[in-house]
1. Could you tell me the calculated FRET efficiency between Asp208 and Asp78, based on Cβ-Cβ distance and R0 = 35 angstrom, to the nearest 0.05?
2. Between Thr193 and Lys113, with labels modelled 7 Å along Cα→Cβ, what's the label distance in nm to one decimal, could you check?
3. With a probe of 1.4 Å, find how much accessible area the chain has per residue, and write the answer as a whole number in Å².
4. Quick one: 3J(HN,Hα) in Hz for segment 269-284, Karplus 6.51/-1.76/1.60 with θ = phi - 60°, rounded, Gly and Pro as x.
5. Relative contact order of the chain: what whole-number percent is it, with Cα pairs under 8 angstrom and at least 6 residues apart?
6. Consider the candidate values [x] 35, 29, 21; [y] 32, 26, 23; [z] 50, 21, 17; state which one is semi-axes √(5λ) of the Cα gyration tensor in Å computed from the structure displayed.
7. Given the DSSP H assignment, sum -39500 (n - 2.57) over each helix run of at least 4 residues in the chain and divide by its residue total; what's the result at 222 nm in deg cm²/dmol, nearest 500?
8. With a point put 7 Å past each Cα toward its Cβ, work out how far Lys317 is from Glu345 in nm, to one decimal.
Amino acid sequence: MKYAILFIFALFSTIVSAKPPKLSGTLTLSVTHGTIDANFTLSNIPKIKNYYIFINSGLNIQYFRDKDDGFNYSYQKDYNNEYSYESFGYYLPDKTGKGKFLPSSLTFKYTGKFPVISDMTKASDYGDWKGNIAFNGKTVRADGMQAAWYPVLYDIDKDIRFDSLVYDIEVKCADCQSIHVNGSAPVKGTSGTFSSNKAQQLMLFAGDFDIAQRNGSYFLNSRLSPNQMTKFGKVSASFERYYQKKLNLPYGEKIVFIHTTPTSKKNGWLFVAYPSIVYIAHMENGLADLINDKTTDWFKPFFAHEFAHYYFGTYRKFNSELGDMISESFSEYLSLKVTEDLIGEDAYQAIIAKKLTELANVKLTPISEINTSADYGNRNLYVYTFGSINWIMLEREIGKEKMWSWIRKLLTVESDYTNYDFLINTLGDVLNDPARLKDIEHKYFKTTFAAESNQ
């Protein structure tokens, strides 16, 4: 009953929250020339005093214009390592020149040309990443949050990024065979109208690729046979059922699986821009290479991590200096639980052993002392490896039932900032024992590495 109440409260909080901004307009692409031309309007903009509007640094602004198409706004731009990613942060100065002005609707026109990297003999070894607007000669790939191919409003004071929008846009691409925008069904052809009344992060994938559908999920450029799609669907469904049962929170809409090649020689990774999960690798048969008769289960924990990002990233977004660590470390922890309970104990122990080896003799900043993202040091080591192992060690001390209870609270307890106090307060609510909380806080939050004494 308690968890049902928490879910109803979270749902009610979502319902009464302010309507998200809306994106409308036209995007014109060329996958062979690497060009992007956009004429967008962002409306229903919330009243924010201290803000940036992020637009990818490779996109050149023609104008910011008023909603009635009567005049251009003057604008300034800035860059901050903490939150700008691949973009410049734009703002409109007010009449004093000391503050910022933000209208309720704003029209943008901009254009850009990006390198088309189809010849791997001249590509860099590691020159691709999630926030890259990547043209590989056959397709263009761009996520929303980091790549910001559309205007992304950011509330600086509250650390809220409005990368999930309702939208109604037209995409034109004369040299494309297919186009996909998150939240809409992919289309075959050189143009399409895409819309969603539910806020979505606008993952973009366009170019020369096939579209298949099985059991409600789309498979783009997958090269999976119908039988392989069914097998893939069974794996996906098992992850969703597991998370729903453990968290007592429903999973979201069906996943769109995308395979594409990187614009570099050696990069290969997964990322999620829910409901799309994108697998980027040089594989002759795409996703089919993951689920053929010779395939082991090596890929499943990686997909389980991305599935977990529905909860830690879409169902709830985390902010503050610890937001990145919370989102990634708990997604990895959930993946470890899937591995232990669904994939196998041997696979689970092998991953734990590998992570502990990576952490041997490494000095890390305690969670309580993280003030900026720079304090992570090696970000990947901190958020994926240290964070998840720290939670495994904590689980061994407080038990799995309390650990799941804490995770539910992290996902449902209302808080403006998901910071250190948020972590400790929600854990304290679960433990209901101040003396024990103090001891656990010292061991797992205020020391450099809690796992050293637990090996």
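1. Plugging the Cβ-Cβ distance into 1/(1 + (r/R0)^6) gives 0.40.
2. With each label point 7 Å from Cα toward Cβ, the separation is 3.3 nm.
3. I get 45 Å² per residue for this part.
4. 6, 10, 8, 10, 10, 3, x, 8, 10, 10, 10, 10, 6, 7, 10, 4
5. Answer for the chain is 12 percent.
6. Structure-derived value, by its label: [x].
7. It lands at -9000 deg cm²/dmol.
8. 4.2
The values are calculated or read from the model by the stated rules, or taken from the named source; none is laboratory data. This is a predicted model, so every value here is computed, not measured. Glycine also receives a Cβ, built like all others from the backbone with ideal geometry; neighbour counts cover every protein chain displayed. With ligands, DNA and RNA removed, areas are computed over all heavy atoms of the protein, side chains included. Shrake-Rupley method; radii C 1.70, N 1.55, O 1.52, S 1.80 Å.
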